[in-house]
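J.: Got a structure for you, written out below as structure tokens; questions coming shortly.
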Amino acid sequence: MNFTQDDLVAFLQPKAVIGYYGGTIRGVSALDTAKEGDIAFFSNRKYVAHVASSRASIVLVPENFDGCHDVSRAYFKVPNPSWAFAKVCAVVEKERAPTAPTGIHPTAIVDVSAEIAPGVYIGPFAVVDANVSIGYGVRIGAHCVVGRGCHIGENTCINPRATLYANCWVGNNVIIHSGAVIGSDGFGYETIDGIHHKLPHIGNVIIEDNVEIGANTAIDRARFAETRIGSGTKIDNLVQVGHNVRVGSDCLIVSQAGIAGSSTLGHHVVLGGQAGIAGHVHIGDGVQIAAQCGVPGNVPGGNVLRGTPPMPINEANRFYVLRKHIPKLFKRVEALEKKSQPYP
Amino acid sequence: MNFTQDDLVAFLQPKAVIGYYGGTIRGVSALDTAKEGDIAFFSNRKYVAHVASSRASIVLVPENFDGCHDVSRAYFKVPNPSWAFAKVCAVVEKERAPTAPTGIHPTAIVDVSAEIAPGVYIGPFAVVDANVSIGYGVRIGAHCVVGRGCHIGENTCINPRATLYANCWVGNNVIIHSGAVIGSDGFGYETIDGIHHKLPHIGNVIIEDNVEIGANTAIDRARFAETRIGSGTKIDNLVQVGHNVRVGSDCLIVSQAGIAGSSTLGHHVVLGGQAGIAGHVHIGDGVQIAAQCGVPGNVPGGNVLRGTPPMPINEANRFYVLRKHIPKLFKRVEALEKKSQPYP
Amino acid sequence: MNFTQDDLVAFLQPKAVIGYYGGTIRGVSALDTAKEGDIAFFSNRKYVAHVASSRASIVLVPENFDGCHDVSRAYFKVPNPSWAFAKVCAVVEKERAPTAPTGIHPTAIVDVSAEIAPGVYIGPFAVVDANVSIGYGVRIGAHCVVGRGCHIGENTCINPRATLYANCWVGNNVIIHSGAVIGSDGFGYETIDGIHHKLPHIGNVIIEDNVEIGANTAIDRARFAETRIGSGTKIDNLVQVGHNVRVGSDCLIVSQAGIAGSSTLGHHVVLGGQAGIAGHVHIGDGVQIAAQCGVPGNVPGGNVLRGTPPMPINEANRFYVLRKHIPKLFKRVEALEKKSQPYP
């Protein structure tokens, strides 16, 4: 990376610039660890004290920030400092990444019946089974296993060592991280006389466009029909998605959350880390579920919930404050009881 | 699939049949997405409205169901509609699956000392180490690693990309899903002067017959002796089983549950999703632990628990109802206190 | 294993020996499953009854233990029975393990630009990318993928089927278990008009010396800068460590715990199983967080917390006792209210 301030002004088009840094910007950094020649950004209020003490040469700040006092550096006022910073990082990322290889590594095993579009990369030891179709520009990392009949859309990237069981359908521009397992059998048994008999799972998993799936996440195939992840939804690491679940578009599902079988999420739902959704329930559009919250039933759209079982966020916050005073409440009731007995 | 109603009557032997569908059944489907020519089933009361509106041509219903009114379709009354439906799905599954291959893929690495029974399939890039024994009809998927000295019983299926560390013992008819890790070292350290010294883990993992283990689940080997999963127990995805744990037979352990070291579960225990069992405790036969429940101590057989720490389910349900009224309770006590002070 | 009592006295140097076993010690065992010729240990008070009934021929006991009554066996009084037992297990471990192989398996793919020190083992189908450096004595198991630019320190052991994304740095004497994913992209998006735009992740993961990382654990790379695991810290299976997290030295992070992005842990922190730490918080030195505890904010050093949100452990224990009596408290308040109304 090798930017002058003028280069960055042209690239980021800040609303205002305060100060001037005449050197070269060579690195991206956090405010507190930056050194001269770095660009950094400020957006989380928690770290406001870091702006004044930072040694960054250019600092991206919100438009309404009024702490641009240090004459030895430049402040760029931008609508979204984090996003502006991301654009600079994207340049670094591009510089660092080697030219993306294409072609099929000689050790990969690709079934003759697979349809492979141009511009595809298939890495060492990857296994692509019968009747798979792979779209333009797809990258399949080392050690991936793509089961028979899978479809993988254009420009999708499957990182090393992910598995797709048979007949899964993955859209365009999807990113799947290492260790993710897509299409394993759902946890479905019929218990007869105490013995759990396995239910056949002949459905599949559909992953729509622009989804990202984290490391070691598991998404089970449907018993029949489909398990579906809607377009633009982002799923973090170690998440469980049960069979026949349907997730809407543009949801965020944070690490270690779990969704039990046959539940449905609307659009723009947020599940916090380690949150759990019971089976056969519906979570409406725009619902936000706090971390570790356990949800046993339906939640209408727009609710923000916390706790297990969940409460509206304000009610939960209130309860958690009062919870501390419950021991004292017992004493207060005891005192009242004593008082109310005139002749003890 | 290509069934007439008569074929299905012969195959499923319903207790009663209402109506007649003269066409061909070609698909399995949910009630609400079925089209003509599909078979569907009704068992979860939640979806009762779907029966009347369904376009399925044959509907499997419980024997006591009285909503069989639509003359354009047939209703089969069966003792267990879900299980009858599963039998039809099993036919579809069999039709769809290619002939199961046998033999050792030329890229697999199988140590010369391994004993491989007839009828075994070992997939591409699988690694089978020294002194492994593999029983009749076993399927080992691509990229599996089977450590030295492991035993794998008859007809067991290990899906692609699972790992067995050395000396694990797996019974007959076991299914292990992708990404599962069996026999990794337990989390055992001796802390001396603040430094955590690793304890050797020379035990192993025993998986009895008819067990299923989900994707990305981890089962640690014993410090010495064994970690054991009892016959017929089913373990979902992303579950943690600590070192020296002993799980009885026919348990159900739902996704993301965890069992800490040296704990024992009896038979027919159910752990809900994200439930946690502390170390060195015993959970008796038939205990049911609700989702997200954290269990710090022993639980006698037959209990049904919810909450963290857990309460008997009725007590927990009661508490969660009252919890909403606790803010008001504070106000009620305050009012009583005011009243009880005659001269404020 | 083939030890006389005298051999073991010389090896373990007990503070005192009571009794004499003249035979040969050939096995290690738990007290309750031991047979003649086994050595066992006693340290968890829960199992005190097992000492008298054990058939072990040598029992390691704490120095202050006064139940050494059985003349048919020997008791070794040692400062730390578990650790003394571990030393014996380490002998067994060494005997059992085959001579550690060295060299690069012919099926491994090692980029020509990788620097491989002497004494290294790289297993079947492992992939080592460009510009990787691997130190003396490192073992890389079958199917591992080591991304470009990674550094792996001396004597580190990466078990089969672990993945390191590009540019991660691993110190000396580190152990990484199967299925672990180090350096996957963090869960970072900029949401603009409801669309989640992926943030580039150009940072890396630094794992200091003597760290152990469990099976199927995921540690995300930093957005920029680094995610860091401090020396001597031990991480269990299925743990999530978010982007930009910094964990101090000698921490214990138990299975299925999760640490959200940008949070920092001091030294000697303990996170119980399934515990969760929110993003951007600081957990001070020596803090202990109970299992399933959800921590939304900073915790000063030395605190011991339980519950979600957490309470000091004593307060939490108190609350959980009182919680049972809350239904009765409602009734008591109701009774008081009735009483306080003179003319009902």
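The values are calculated or read from the model by the stated rules, or taken from the named source; none is laboratory data. No experiment lies behind these values; they were computed from the predicted model shown. Note that we place each Cβ from the backbone using ideal geometry, even for glycine, and neighbour counts take in every protein chain shown.
J.: Looking at the structure I just gave you, is C:V239 within 12 Å of chain A (Cβ to nearest Cβ) and either farther than 21 Å from C:A126 by Cβ or within 17 Å of the chain's Cα centre (by Cα) (or both)?
T.: Answer is yes for this residue.
J.: Let me ask something additional. Failed condition for A:D250, given (1) free of Cβ contacts under 8 Å to residues at least 40 places away in the same chain; (2) in contact with a Leu (Cβ under 8 Å, 6 or more places away or on another chain); (3) within 27 Å of A:G286 (Cα to Cα), with all others met?
T.: (2) is the only condition that A:D250 fails.
J.: Give the stretch A:29-38 a look and list any residue that's within 26 Å of the chain's Cα centre (by Cα) and either part of a loop (DSSP other than H, G, I, E, B) or modelled with pLDDT of 95 or more (or both), or say none.
T.: Hits for the stretch A:29-38 are A:S29, A:A30.
J.: Give the residues of the stretch B:254-286 that are of a type in the set (A, V, I, L, M) and under 16 Å from the mean Cα position of the chain (by Cα), sorted by residue number.
T.: Once the filter is applied, which keeps residues that are of a type in the set (A, V, I, L, M) and under 16 Å from the mean Cα position of the chain (by Cα), the stretch B:254-286 yields B:V254, B:A257, B:I259, B:L265, B:V269, B:V270, B:L271, B:A275.
J.: More than 9 Å from every other protein chain (Cβ to nearest Cβ), within 25 Å of the chain's Cα centre (by Cα) and loosely packed, with under 13 Cβ neighbours inside 10 Å, is that true of B:P118?
T.: no
J.: Go through the stretch C:250-271 and count every residue that is within 14 Å of chain B (Cβ to nearest Cβ), under 22 Å from B:A218 (Cβ atoms), assigned to a loop (DSSP other than H, G, I, E, B) and small (G, A, S).
T.: Adding up the residues that qualify gives 2.
J.: Mind checking whether some residue in the stretch A:200-209 is within 10 Å of chain C (Cβ to nearest Cβ) and either over 15 Å from the mean Cα position of the chain (by Cα) or surrounded by fewer than 22 Cβ atoms within 10 Å (Cβ to Cβ) (or both)?
T.: no
J.: Among the residues of the stretch C:317-327, which ones are more than 10 Å from chain A (Cβ to nearest Cβ) and part of a helix (DSSP H, G or I)?
T.: Passing the criteria: C:N317, C:Y320, C:P327.
J.: Go through the stretch C:272-304 and give me each residue that's out of contact with any Asp or Glu (no Cβ under 8 Å at 6 or more places or on another chain) and away from every other protein chain (no Cβ under 13 Å).
T.: Listed by number, the residues that qualify are C:I283, C:G284, C:V287, C:V299, C:P300, C:N303, C:V304.
J.: Can you find even one residue in the stretch C:236-249 that is in a helix (DSSP H, G or I) and more than 26 Å from B:T217 (Cα to Cα)?
T.: no
J.: Is there a residue in the stretch C:73-89 that is within 13 Å of another protein chain (Cβ to nearest Cβ), under 30 Å from C:S184 (Cβ atoms) and at pLDDT 95 or above?
T.: So far as the stretch C:73-89 goes, no, none of its residues is within 13 Å of another protein chain (Cβ to nearest Cβ), under 30 Å from C:S184 (Cβ atoms) and at pLDDT 95 or above.
J.: Related question: Taking the condition within 17 Å of C:A142 (Cα to Cα) and polar (S, T, N, Q), does B:T156 pass?
T.: So B:T156 fails the test.
J.: May I pose another question? Considering (1) under 27 Å from C:Q274 (Cα atoms); (2) out of contact with any strand residue (DSSP E or B) (no Cβ under 7 Å at 6 or more places or on another chain); (3) facing chain B (nearest Cβ under 10 Å); (4) assigned to a helix (DSSP H, G or I), say which one A:N314 fails and leave the rest.
T.: With respect to (1) under 27 Å from C:Q274 (Cα atoms); (2) out of contact with any strand residue (DSSP E or B) (no Cβ under 7 Å at 6 or more places or on another chain); (3) facing chain B (nearest Cβ under 10 Å); (4) assigned to a helix (DSSP H, G or I), A:N314 is out only on (3).
J.: Where residues in the stretch C:45-62 are surrounded by fewer than 14 Cβ atoms within 10 Å (Cβ to Cβ) and either of a type in the set (S, T, N, Q) or not in a loop (DSSP other than H, G, I, E, B) (or both), which of them is nearest to the other protein chains (Cβ to nearest Cβ)?
T.: Checked the stretch C:45-62; the qualifying residue nearest to the other protein chains (Cβ to nearest Cβ) is C:K46.
Condition check ((1) part of a loop (DSSP other than H, G, I, E, B); (2) β-branched (V, I, T); (3) modelled with pLDDT under 95; (4) touching a strand residue (DSSP E or B) at 6+ places or on another chain (Cβ under 6 Å)) across all residues:
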{"site": "B:D285", "(1), (2), (3), (4)": "yes, no, no, no"}
{"site": "B:Q292", "(1), (2), (3), (4)": "yes, no, no, yes"}
{"site": "B:G297", "(1), (2), (3), (4)": "yes, no, no, no"}
{"site": "B:G302", "(1), (2), (3), (4)": "yes, no, no, no"}
{"site": "B:L305", "(1), (2), (3), (4)": "no, no, no, yes"}
{"site": "B:T308", "(1), (2), (3), (4)": "yes, yes, yes, yes"}
{"site": "B:L329", "(1), (2), (3), (4)": "no, no, no, no"}
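J.: Quick check, is B:F65 within 24 Å of B:N44 (Cβ to Cβ), in a loop (DSSP other than H, G, I, E, B) and in the same structural domain as B:Q13 (by TED's automatic domain parsing)?
T.: Here the answer is yes, as B:F65 does meet what is asked.
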